[in-house]
Amino acid sequence: MLPLDGRTVLVTRPAHQAGSLAQKVFEAGGEAFVFPALGIEPVALDELADALAYLAGADIVIFVSPNAAQYGLAAIRARGTLPDAGRFFAVGPGTARALAAQGLEGAVTPDGQDSEALLALPELQAVAGQRVVIVRGVGGRPLMSDTLRARGADVHFMECYRRTCPPADPSRLLARWRAGGIDAVTIASAETLYNLARLLGEPGAPLLAATPLFAPHEKIAEAARRFGIARVITTPGGDDGLLDGLVNWFRNKTGSKT
């Protein structure tokens with residue numbers, strides 16, 4: 001008997017990223033119900049002209065997510081160039097793998113999977129006078145830029161994608177959920193949770209609040225608790241971490257549906 005036998009997991013990652021977690025759930029014996037609650041759209045190349053020009057002379061380039069790796073490198077290859085003497089950093093192994101898949105090997109990656117872990121790296125302590133480009137989506141946490149500027153770096157952003165709430169019809173998901181057919185929800189950002197709640201609407205609010213929710217970072221878990229989710233489980237990072245959290249949770253159950 002596989003650990004997720006008889007369990008259905010709601011996968012809310014963007015459509016182009018949902019397949020990996022869905023496959024892991026399947027291999028563990030479960031069923032993945034894929035319902036993307038976050039959309040990703042590239043920023044037009046013309047809007048990135050200034051950032052690409054600055055990037056060419058950067059000392060440090062930081063990619064904050066797999067999406068930053070995918071859309072950032074696509075824009076760089078279309079209209080710009082990577083700095084010859086630059087050092088490259090990735091927030092987490094998933095981002096490093098995304099960079100390597102596109103030919104950018106050797107990015108420095110912290111043991112953790114967040115900005116705090118990256119900022120603790122010895123390589124980012126003495127950065128006074130250095131030119132830093134943070135490749136990310138539009139908006140985002142100011143911690144990394146604020147910290148590096150406080151250390152004396154000249155920090156610019158290359159905001160190469162936008163997050164959106166995708167149009168979706170929740171009727172099939174709601175019908176499945178009402179029938180007891182959703183055992184767990186996975187989210188990878190607070191924005192995904194808010195979008196999911198918006199898409200489900202009032203009919204889905206009690207279902208979402210009562211279903212165990214798995215989040216790969218404590219800050220996301222905290223946001224879910226504040227949102228009113230009754231049971232929130234913090235897992236290690238990435239799809240592997242989410243799967244580990246799901247497997248451990250259901251292994252500790254008595255076998256009854258939750």
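Observations, loosely collected:
- Hits in the stretch 160-202 - residues which are of a type in the set (S, T, N, Q) and farther than 20 Å from Ala68 by Cα: Ser171, Thr186, Asn195
- Checked against the criterion of being surrounded by 15 or more Cβ atoms within 10 Å (Cβ to Cβ) and assigned by TED's automatic domain parsing to the domain that holds Arg226, the candidates Thr211, Thr109, Thr95, Thr147 yield just one match: Thr211.
- Scanning the stretch 8-39 for residues that are in a strand (DSSP E or B), free of Cβ contacts under 8 Å to residues at least 60 places away in the same chain and not hydrophobic (A, V, I, L, M, F, W, C) yields a count of 1.
- Any hit, the stretch 121-129, residues being touching a residue at least 60 places away in the same chain (Cβ under 8 Å) and closer than 18 Å to Gly72 by Cα: no
- None of Arg97, Arg7, Arg87, Arg77 is touching an Asp or Glu at 6+ places or on another chain (Cβ under 8 Å) and more than 30 Å from Gly181 (Cβ to Cβ) except Arg87.
- Counted residues, the stretch 173-210 - those being out of contact with any strand residue (DSSP E or B) (no Cβ under 9 Å at 6 or more places or on another chain) and free of Cβ contacts under 8 Å to residues at least 60 places away in the same chain: 17
- Residue check for Ala74: more than 19 Å from Thr164 (Cα to Cα), touching a residue at least 24 places away in the same chain (Cβ under 8 Å) and touching a Cys at 6+ places or on another chain (Cβ under 9 Å): yes
Let's see how each residue does on (1) of a type in the set (S, T, N, Q); (2) surrounded by fewer than 16 Cβ atoms within 10 Å (Cβ to Cβ); (3) under 30 Å from Leu174 (Cβ atoms):
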| site | (1), (2), (3) |
| --- | --- |
| Lys24 | no, no, yes |
| Phe35 | no, no, yes |
| Val64 | no, no, no |
| Gln70 | yes, no, no |
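- In the set Leu196, Leu200, Leu174, Leu207, only one residue is at pLDDT 95 or above, touching a Ser or Thr at 6+ places or on another chain (Cβ under 9 Å) and not acidic (Asp, Glu); that residue is Leu196.
- Restricting Ala51, Ala69, Ala22, Ala28 to those that are under 24 Å from Cys160 (Cα atoms), at pLDDT 95 or above, more than 13 Å from the chain's Cα centre (by Cα) and not β-branched (Val, Ile, Thr) reduces the list to Ala51.
- Looking only at the stretch 150-165, and only at residues there that are exposed (fewer than 14 other Cβ atoms within 10 Å of the Cβ) and free of Cβ contacts under 8 Å to residues at least 40 places away in the same chain, the one that is farthest from the chain's Cα centre (by Cα): Gly152
- Residues that are surrounded by 15 or more Cβ atoms within 10 Å (Cβ to Cβ), under 30 Å from Met1 (Cβ atoms) and over 19 Å from the mean Cα position of the chain (by Cα) do not occur anywhere in the stretch 190-200.
The values are calculated or read from the model by the stated rules, or taken from the named source; none is laboratory data. Given the structure is predicted, the values throughout are model-derived calculations rather than measurements. Here the Cβ is made from the backbone with ideal geometry for all residues, glycine too, and neighbour counts use every protein chain on show.
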